[in-house]
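Where a number appears in this text, it was derived from the coordinates with a stated rule and is not lab data. Computed from a predicted model, the values in this text were never measured in an experiment. Reconstructed Cβ throughout: ideal geometry from the backbone, glycine too, with neighbour counts over all protein chains shown.
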There are 2 protein chains.
Amino acid sequence: MQDIARKVGVSPMTVSRALRDGTSVNAQTRDAIRQAVEELGYVFDSTAANLRQQRTGFVAVTIPSINNANFADTVRGLSDGLKAHGLQPLLGYTDYDIEQEEILVEQLLRRRPEAIVVTGGQHTPRCRRLLQSAGIPVIETWDLPSEPIGHVVGFSNADAAAMLVDHLVTSGRRRIAFVGGEAGGDFRGADRRAGFVAAVKRRGMDVTRLVDAGKAPVSMREGAIATRTLLEYAPDTDAIVCVSDLVAFGALTECQRMGVDVPGQIAIAGFGNYEVAQISVPPITTIDPFPERIGRQAADIVLQALGLETGAAAWSARLEPQLLVRASAPR
Amino acid sequence: MQDIARKVGVSPMTVSRALRDGTSVNAQTRDAIRQAVEELGYVFDSTAANLRQQRTGFVAVTIPSINNANFADTVRGLSDGLKAHGLQPLLGYTDYDIEQEEILVEQLLRRRPEAIVVTGGQHTPRCRRLLQSAGIPVIETWDLPSEPIGHVVGFSNADAAAMLVDHLVTSGRRRIAFVGGEAGGDFRGADRRAGFVAAVKRRGMDVTRLVDAGKAPVSMREGAIATRTLLEYAPDTDAIVCVSDLVAFGALTECQRMGVDVPGQIAIAGFGNYEVAQISVPPITTIDPFPERIGRQAADIVLQALGLETGAAAWSARLEPQLLVRASAPR
DNA sequence: CTGAAAGCGCTAACAC
DNA sequence: GTGTTAGCGCTTTCAG
């Protein structure tokens, strides 16, 4: 800034003012400064401004995996909501591991974000402490934590799974299997599985058809392999609930390879409303958790908590995922 | 740090030393400091350290879309490569728009990243200038720019498309179509299309079968719709090269819905080796551009350019995408 | 091994 | 509308 100031013949303070808006600077001076900036190729140093103002414009975001269309949609909704207010997401991923989450969260907090949006409500004790005492808004998403740290934008994964079971039973299925990941870091997947088990038991049906397809994130291929195993051991299965649409698509393709008719012999349902589930043949019955909306709502809460936006202050939002009945598991 | 220092009875300087490693501090003092840090819930402020050291530990990264498994893989490869050296990716996306890229790049440079990794080699003039004069390593990826700004980790998209044409012709196809996005922000898609056109012309065949499926990113659904249009206007088409596997999967499903045999009547090829192409029925012939490897190589170049890693200094890397022949377009 | 002084590049607060 | 002073929370440098 000093270089610019010298060149234009003003003080650095005037340069500082000219580069922001909402500050009063002589119009000619401002133009001259802007021109000098371009000529010298000066790029504003926000690290210094951040330190002085004690404001970074960062919003920390953690997701389990960057390679997941659902979480990517949430990040997109969040980013787009923040962009208008000059906030920048600072993204990290945990690989579905709360130990890694702890490390990541600490790393992110060192950057002094103004808010932090995390996926899920399960954290290590130290991670909880870090979040609680960070002195910034904390938003947990994609879940309904029993003891929220701060704000929540989520839904019941268990209820969503139960919706699928209900639908399948209503449409006449009785021997329903669940294909998901092994108990591990994917707490939302585990919750779906728990919801499945509860719903099946509630109806007095068997809960023997539970297949672990591998560690999260479970791939299409793993879904296919698990389905083959399932159908070898329990060939009379008449419906499969999958932990995600990716697994469901794997199951669908495996049925096609095995010559099993979907939905004639077996109905298949997934979770997430991924694009592949909309367009596969047949398209896959699923639950839409509205991932982008989760991100948008989180952004709204952040903006309100930071006083950047006025309006009805939502502390938290419980979303209602929607059942999408398609040909893989029709009515 | 002062609070900690007071509590332990040392100077802030000693605290600063104790919290870093490779510095000499009395072992007991260090333990006492570490304990005080936990008790007081102190979290190191890296914004201040960054300013003082003129090092942020950020590596800026721009991708066209966050919701794309290929670019996500590149980011993963990059992140994983950087993590070991304490560097943190600072990610932004451009929505396939070089104007947005310019804005994003400037925004990112204000954060004083130590290197910047961008997707593609097409930029606005001002964006080029910003990158050139940023004084940090610049890595362009996913393309082979005619005038690179700095480092490059990429491949020829045109050659990749030509490989597919060659394969299809070798396997007896003659009336080959291309389904892709409209001329616009997706320069890699445009390059594939150009490579397709050149390869088809080289063999003296028709280049009338070019279908614009919409703006990038082209979805599975848009691929399906475009394929329907194509087959209505040119029902004698015997092969389709798609700008991505997602489009190819859309094409495949549309053929299934229309009762067109794949590969009997029409062969389908995609690009990207997305998971859906591995497991669909039939699996889809494609090109694997090794997205994660692109990220890893970019990370290696960044680390070497910053002097964090010694070894054979690769200035740039030209990768060779691999043709994967599958049942949708067999030999 | 430890401490004191200075300063990274910017801006709040106060003068004029 | 513009300039001066001080300081954000760290770390480099130098002294002990």
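A few comments on the model shown:
- log₁₀ of I(q)/I(0) at q = 0.16, 0.18, 0.20 Å⁻¹ - the range A:1-105, Debye sum with one point per alpha carbon: -0.80, -0.89, -0.99
- Protection-proxy order for peptides A:74-82, B:147-155, B:1-9, B:207-215, each taking the mean of Cβ atoms within 10 Å per residue, highest first: A:74-82, B:147-155, B:207-215, B:1-9
- Here the translational diffusion coefficient of the range B:95-210 follows from Stokes-Einstein with Rh set to the Kirkwood radius across Cα pairs; for 37 °C and 0.692 mPa s it amounts to 208 µm²/s.
- Projected onto its three principal axes, the C-alpha set of the range A:216-277 covers 27, 21, 17 Å, listed from the longest axis down.
- DSSP bridge pairs, chain A: antiparallel proportion in percent, nearest 5: 10 percent
- Normalised by residue number, the volume inside the convex hull of the Cα atoms of chain B is 156 Å³ per residue.
- Across peptide B:49-58, the mean count of Cβ atoms from other chains lying within 10 Å of each residue's own Cβ comes to 3.
- The range B:62-145: radius of gyration and largest Cα-Cα distance (Dmax), Å: 12.2, 35
- B:A183 label point (Cα plus 7 Å toward Cβ) to equivalent points in the other copies: 6.0 nm, shortest first.
- With Cα atoms defining each centre, the range B:223-301 and the range B:1-51 are spaced 56 Å apart in the structure.
- Convex hull of the protein assembly as shown built on C-alpha atoms - directionally averaged projected area, nm²: 33.6 nm²
- For A:P330, label point 7 Å along C-beta direction: distances to other copies, nm: 3.2
- Taking 7 Å steps out from each Cα toward its Cβ at B:T310 and B:R203 produces label points 5.2 nm apart.
- Using only alpha-carbon positions in the range A:157-288, the gyration tensor eigenvalues give semi-axes of 18, 17, 15 Å once each is multiplied by 5 and square-rooted (largest first).
- Estimated translational D of the range A:115-160 in µm²/s (Stokes, Kirkwood radius over Cα pairs; 37 °C; 0.692 mPa s): 307 µm²/s
- Legend: mean number of C-beta atoms from other chains within 10 angstrom of residue C-beta atoms, peptide A:126-136, equals 1.
- Here the relative contact order of the range B:157-288, from alpha carbon pairs under 8 Å that lie six or more residues apart, stands at 25 percent.
- Convex hull projection area averaged over all views, the range B:2-44, Cα basis, nm²: 2.6 nm²
- Shielding of B:294-300 by partner chains, average beta-carbon count, 10 Å: 0
- Aspartates and glutamates whose Cα lies under 17 Å from that of B:K7, excluding same-chain neighbours fewer than 8 positions away: B:D31, B:E38, B:E39
- Label 7 Å beyond Cα on the Cβ vector: B:D45 copy-to-copy distances, nm: 1.7
- Counting only DSSP beta bridges whose two residues both lie in the protein assembly as shown, roughly 10 percent are antiparallel.
- For chain B, relative contact order (Cα pairs under 8 Å, six or more residues apart, normalised by length) works out to 16 percent.
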